[in-house]
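Some notes on the structure that comes next.
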Amino acid sequence: MTCKGCERNNQMMEMDIESAIDEQLSMELNHASNELRDQRLIVCSACPALSEHTCKHCGCFVRFRASLQDKRCPLGKW
């Protein structure tokens, strides 16, 4: 069981990560379609290299990489 303080810290960290990803994506031009992004994230969710928001193989935020048309999985899964 997690203490309330830790839960709040984790929630803030989640919000900070999501905000950082959204901010960076707003500066990118070549977005993947929502359908393609979602398909990629499904593959990532089943991958043993996924560690919360990041890929253990390359260190990227998976939602960021999956949201860009020209990006590829570093393990070749998409």
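Values in this text are rule-based calculations from the coordinates and carry no lab data. For clarity, every value in this text was computed on a predicted model and none was experimentally measured. All Cβ positions, even for glycine, are placed from backbone atoms using ideal geometry, and neighbour counts span all protein chains on display.
Looking only at residues of region 42-71 that are among the charged types (D, E, K, R) and under 22 Å from Ser26 (Cβ atoms), we find that the one that is surrounded by the most Cβ atoms within 10 Å (Cβ to Cβ) is Arg65.
Sub-9 Å Cβ pairs linking a first residue in region 18-36 that is closer than 19 Å to Cys73 by Cα to a second residue that is of a type in the set (A, V, I, L, M) and not in a helix (DSSP H, G or I), at least 6 apart or interchain, are Leu25/Leu68; Glu28/Leu68; Asn30/Leu68; His31/Leu68; Ala32/Leu68, ordered by first then second residue.
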